[in-house]
Amino acid sequence: MAKKRSQKEQEVQQLHNDLLDVSTLVLTTFTGLSVAQETDLRRLVQASGGSYHVVKNTLAARAAKGTPAEPLLSGLKGVNSIAYTAGDPIALTRTLTRFAKDNPAFTFRAGVVEGRVVSLEQIQALAQLPSREELLSRLLYLLQAPAQRLATTLNGVARNLAFVVKQAHDQKKFSEGDSPAVGAA
């Protein structure tokens with residue numbers, strides 16, 4: 001059933017509003033995917049915090065006017081779909097890359113990350129980066145490691161001193177008046 005003009009205008013306006021907020025958009029082709037595969041893809045993209053839409057080329061170009069995705073979505077040819085997110089770009093690209101490995105009919109065409117048009121190689125490189133949480137945990141480890149090493153070193157000096165004093169006491173190196181209190185060591 002054909003959509004009415006008002007429905008199309010509503011969809012274009014909604015897509016335009018979405019494209020104003022996105023940080024990452026990936027243009028893909030899906031020729032040869034079954035309905036079940038495309039449904040799985042939609043679920044995977046939604047689980048990663050993104051959205052996936054099959055778009056008509058002219059409607060996509062209209063919706064993209066005045067957005068960072070305008071250079072990418074103007075002048076499209078063929079069957080296209082877009083996946084986008086306002087959140088973590090790595091999660092979206094990783095999800096799409098995994099799906100593309102399992103389904104060769106699904107291919108990337110180009111993308112926009114933080115307002116810049118990126119190539120296929122850059123999209124795949126982005127998918128291989130660690131997640132934001134993993135990067136933050138690595139940074140925290142790097143910041144925490146020197147302090148932890150210093151505390152271990154300082155603790156080791158006191159422990160070694162106590163060990164040497166105890167050994168000296170056990171070997172009766174101290175005279176009776178010089179003997180330190182070793183009971184705590």
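The numbers here are math on the coordinates, done by the rules we state, and not lab data. The shown structure was predicted, so the numbers you read here are calculated from the model rather than taken from an experiment. When we count neighbours, we look across all protein chains shown, and the Cβ atoms used for this are built from the backbone with ideal geometry, even at glycine.
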Inset, instruction - Please report VAL22, VAL164, VAL118 as a ranked list, fewest other C-beta atoms within 10 angstrom at the top and most at the bottom. - result: VAL164, VAL118, VAL22
Inset, instruction - With label points built 7 Å along Cα→Cβ from the Cα atoms of ARG5 and ASN57, find their separation and express it in nm. - result: 2.3 nm
Legend entry - Relative contact order of region 5-129, pairs being alpha-carbon contacts under 8 Å that are 6 or more residues apart, as %: 36 percent
Legend entry - DSSP-assigned coil residues among trypsin sites (Lys or Arg not before Pro) in region 1-55, each with at most 14 further Cβ atoms within 10 Å: LYS3, LYS4
Inset, instruction - Show me 107-113, 54-60 ranked by packing, highest mean number of other Cβ atoms within 10 Å first. - result: 107-113, 54-60
Inset, instruction - Only loop residues by DSSP count here, and only those with at most 15 other Cβ atoms within 10 Å; note down the GluC sites (Glu not before Pro) in region 75-145 that meet that. - result: GLU114
Inset, instruction - For the chain, give the magnitude of the charge dipole about the Cα centre (Cβ charges: +1 Lys/Arg, -1 Asp/Glu; no others), in debye to the nearest 20. - result: 480 debye
Legend entry - Projected area averaged over orientations for the chain, convex hull of C-alpha atoms, nm²: 18.0 nm²
Legend entry - Pairwise FRET efficiency - LEU142 versus THR97, Cβ, R0 = 22 Å, nearest 0.05: 0.20
Inset, instruction - Quick one: net charge around ARG94, please, counting Lys, Arg +1 and Asp, Glu -1 for every other residue with C-beta under 14 Å from its C-beta. - result: -1
Inset, instruction - Add +1 for every Lys or Arg and -1 for every Asp or Glu among the other residues with Cβ under 14 Å from the Cβ of GLN37, and state the total. - result: +1
Inset, instruction - Please find the FRET efficiency linking ASP21 to LYS77, where r is the Cβ-Cβ separation and R0 is fixed at 22 Å, and quote it to the nearest 0.05. - result: 0.25
Legend entry - Environment charge at ALA47 (Cβ cut-off 13 Å; Lys +1, Arg +1, Asp -1, Glu -1): +2
Inset, instruction - Fewest Cβ neighbours within 10 Å first, please rank ARG116, ARG98 accordingly. - result: ARG116, ARG98
Legend entry - Unsatisfied cross-links (Cα-Cα over 25 Å) in the set LYS3/LYS101; LYS4/LYS77; LYS65/LYS101: LYS3/LYS101; LYS65/LYS101
Legend entry - Per-residue Cβ neighbour rank within 10 angstrom, fewest leading, PHE30, PHE106: PHE30, PHE106
Legend entry - Computed lengthening from LEU135 to ARG43, 0.36 nm per intervening residue step minus Cα-Cα distance: 30.5 nm
Inset, instruction - Helix by helix through the chain, keep the DSSP H runs that span 30 Å or more along the axis on Cα and average at least -1.0 on Kyte-Doolittle, and give those back in order. - result: 132-170
